[in-house]
Amino acid sequence: MLGLISAMYEEMDRVLSQLEHVESQVIGQRTFYRGTFQNQELVLVFSRWGKVAAATTVTQLINTFKVDQIVFSGVAGSIHPQVKVGDIVLANALVQHDMNASPLFPPTEIPLLEKSVFQPHFEPKLENAIQHFAHQYAEYFSKETLENFGISKPQLHHGKIASGDLFVHSKSQIDVILLHHPDTLCVEMEGAAVAQVCYEYGIPYQIIRIISDEANANAHVDFPLFAKEVAGKYTLEILKHWFKASSL
Ligand code: ADE
């Protein structure tokens, strides 16, 4: 069974509204929604923000709900010039940019795990579903919405995502992250925590991030509205295509 996570309600509310046969259960102040989406069973949950929230949510999904795959979808801030608002990043590597136990361990290495970078299992059908959505995106939004958010032609990028308990909104914060991981495409607050728990339990996972802002002084203005108006729709349509392809 698949576990689906978003940090915020707005990022996955449309998927929740299409879940059928829903049973909900509150554990540790989080509501887990078990139901079927396109005839496939899954558990959906909003983790809330940050690495601890994400890690505890994933652990619960694995131990209590016995999920055997996890997908996290949500928004992120771009820190790469070629990654634009509206683009989608499918992680092929994840790091915790705020982990720093140097000089005992190299910066960003997880102490005693001997690991800094987590690599998700590649899921070609999910990638195809994202590509499919990126070609058809204009069907799902009004011209006005696309113009308001400056979305022209969403691109899919595969690359490194850096996570930390920090809402990144300045060049100096970005520079610190790029110092250790210059190939980072975007920043968020949960993905690499999900990755660590899934790695430790041996569960496959994918992290999808939709770029809402450029991690600059405007980031806090752009991203809540984006999550509500845009990201939830991306996630719904991507999951629909993916589930359809997976059930063939
Ligand atoms: N999620 C969306 N935008 C972000 C940012 N600028 N920093 C951290 N997480 C984010």
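Roughly how many percent of the accessible protein surface of segment 122-248 is carbon and sulfur, given a 1.4 Å probe and a whole-percent answer? Don't skip to the answer; put the middle values down first.
Details: 3170 of 5840 Å².
In segment 122-248, the share of accessible area belonging to carbon and sulfur is 54 percent.
How high is the relative contact order of the chain, in percent, with contacts defined as C-alpha pairs under 8 Å that are six or more residues apart? If you can, show how the numbers build up before the last one.
Details: 512 pairs, mean separation 74.0, N = 248.
Relative contact order comes out at 30 percent.
Treating cross-link reach as a plain straight distance, find the lysines whose alpha-carbon is under 18 Å from the alpha-carbon of residue 171, omitting any fewer than eight places away in the same chain.
Result set, ordered by chain and number: 84.
In straight Cα distance, which lysines are under 27 Å from residue 66, not counting same-chain residues fewer than 8 positions off?
Here the lysines satisfying the reach criterion relative to residue 66 are 51, 115, 125, 240, 244.
Rounded to the nearest 20 Debye, what is the dipole magnitude of the chain about its Cα centre when Lys and Arg each give +1 and Asp and Glu each give -1 at the C-beta?
On the way: 18 positive and 27 negative charges, 56 e Å.
That gives a dipole near 260 debye.
Any chance you could run the full-extension gain for residue 38 through residue 178? It's 0.36 nm times the residue separation minus the Cα-Cα distance, nm to one decimal. Present the calculation step by step, with values, prior to reporting the outcome.
Details: separation 140, 0.36 × 140 = 50.40 nm, distance 4.03 nm.
Once the chain is fully extended between residue 38 and residue 178, it gains 46.4 nm.
Is it possible to state the helix-based mean residue ellipticity at 222 nm for the chain, with each DSSP H run of 4+ residues giving -39500 (n - 2.57), the sum divided by total residues, to the nearest 500 deg cm²/dmol? What is it?
Values: 8 runs with 82 residues, N = 248.
Using -39500 (n - 2.57) per qualifying helix, the result is -10000 deg cm²/dmol.
Taking just the C-alpha trace of segment 72-246, give me its Rg and Dmax in Å.
Cα only, segment 72-246: 16.1, 53 Å (Rg, Dmax).
Read phi for every residue in segment 145-162 and hand back ³J(HN,Hα) as whole Hz from Karplus 6.51 cos²θ - 1.76 cosθ + 1.60, θ = phi - 60°, with x for Gly and Pro.
So the Karplus estimates, Gly and Pro as x, are 4, 4, 5, 4, 9, x, 8, 10, 9, x, 10, 9, 10, 9, x, 8, 10, 10 Hz.
Nearest 5 percent is fine: what portion of the DSSP beta bridges confined to the chain is antiparallel? Could the numbers behind the result be given before it?
Working: 19 of 48 bridges.
DSSP beta bridges in the chain are roughly 40 percent antiparallel.
If you count only protein heavy atoms with a 1.4 Å probe, what accessible area per residue comes out for segment 72-246, rounded to a whole Å²?
Heavy-atom SASA per residue in segment 72-246 reads 44 Å².
So if I take the centroid of the Cα atoms in segment 1-62 and the same for segment 162-204, what is the distance between those two points in Å?
The two parts, judged by their Cα centres, are 22 Å apart.
The values are calculated or read from the model by the stated rules, or taken from the named source; none is laboratory data. Given the structure is predicted, the values throughout are model-derived calculations rather than measurements. Please note: Cβ atoms are built from the backbone with ideal geometry, for glycine as well, and neighbour counts cover all protein chains shown. Heavy atoms of the whole protein, side chains included, go into the accessibility calculation; ligands, DNA and RNA do not. Shrake-Rupley method; radii C 1.70, N 1.55, O 1.52, S 1.80 Å.
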